[in-house]
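The values are calculated or read from the model by the stated rules, or taken from the named source; none is laboratory data. Just so we're clear, the structure is a prediction, and the values are computed from it rather than from any experiment. No Cβ is skipped: glycine too gets one built from the backbone with ideal geometry, and neighbour counts run over all protein chains shown. Accessible surface areas use protein heavy atoms only, side chains included; no ligands, DNA or RNA. Shrake-Rupley method; radii C 1.70, N 1.55, O 1.52, S 1.80 Å.
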Amino acid sequence: MADLTSIKVEFELLRSIVDERTCRLWAATKANALGYGGESRVAKATGISRATIHRGKQELEHLEAAPMET
């Protein structure tokens, strides 16, 4: 299981090279992978609000439901 330090390290490596939306989607993906309490743990490690992570989860659900364009 990922601890807060490892989450923070991952986030610090990513945040300087990706935009806000990608950070939000990464945080949501990380929270989903962690399961119960994931939003709170990611929020604590990164400083991203739980509301922002939740919004990212909603975006991911929408992306998964949308058909792929070719």
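Tabulated data for the structure shown
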item: Test: residue in region 2-10 that is in contact with a Lys or Arg (Cβ under 7 Å, 6 or more places away or on another chain), hydrophobic (A, V, I, L, M, F, W, C) and within 15 Å of E61 (Cα to Cα); result: no
item: Any pair with Cβ under 7 angstrom, 6 or more apart, that starts in region 14-27 at a residue that is within 13 Å of G56 (Cβ to Cβ) and ends at one that is at pLDDT below 95 and exposed (fewer than 10 other Cβ atoms within 10 Å of the Cβ); result: none
item: Residue list for region 22-70, restricted to those being among the β-branched types (V, I, T) and either farther than 18 Å from S6 by Cα or not in a helix (DSSP H, G or I) (or both); result: T22, I48, T52, T70
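Here's the yes/no breakdown for (1) open to solvent by less than 80 Å² (accessible area, probe 1.4 Å); (2) at pLDDT 95 or above; (3) hydroxyl-bearing (S, T, Y):
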| site | (1), (2), (3) |
| --- | --- |
| M1 | no, no, no |
| L25 | yes, yes, no |
| A31 | yes, yes, no |
| S49 | yes, yes, yes |
| I53 | yes, yes, no |
| T70 | no, no, yes |
